[in-house]
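To start, the structure under review is shown below, and the notes come after it.
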Amino acid sequence: MKKKIYLAIIVIIILLSVYFYWQNRYVELRPVLVNKDLREPVLFSETFHNQLFKIAKPNEIPPNFYKNIKWVLQREHQEYIVKNGVIYIRYKYMNDYEMIWNHTTKTSNLEWFKSQRSMDSINGEYKNIEELDRIIKGFRD
């Protein structure tokens, strides 16, 4: 009987370890857009909200996405790593399409960057102000 209990505990520990590894591994960050091509009715949109979004194709990516995404991720306190010029985030975050869509829209939102600049000037973070000025100027070019 003790062997069965120990075996069950070991199996549970292994399954939990695999689950936590899977959720915390790094995957490539890809922009997410609202899915306007829904052909069937949306069922349980509160529960399965990922069906309302889609991963953007290369021709649908916002123009400032790759230029500004690092700044947005830092500002939103998202962990990421860069390998060979590709940005990777944790799988559990990439699987939250609504959050990634929010980040995607912020990369091309001039008003959001202006509001961040004004907050930094109020807080006295002058290093960030210079970088934000460069990003805001990039929108005008």
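We did not get these values from a lab; they are worked out from the coordinates using the rules stated. Everything numeric here is computed off the predicted structure, so don't read it as measured data. Cβ coordinates were reconstructed from backbone atoms using ideal geometry, including for glycine residues, and neighbour counts include every protein chain displayed.
A few comments on the model shown:
- Close pairs (6 angstrom Cβ cut-off, 6 or more residues apart or separate chains): closer than 11 Å to R25 by Cβ in segment 82-98, among the aromatic types (F, W, Y) anywhere: Y88/Y26; I89/Y80
- Evaluating K127 against the criteria (1) among the charged types (D, E, K, R); (2) farther than 27 Å from W22 by Cβ; (3) in contact with a helix residue (DSSP H, G or I) (Cβ under 7 Å, 6 or more places away or on another chain) leaves one unmet condition, (3).
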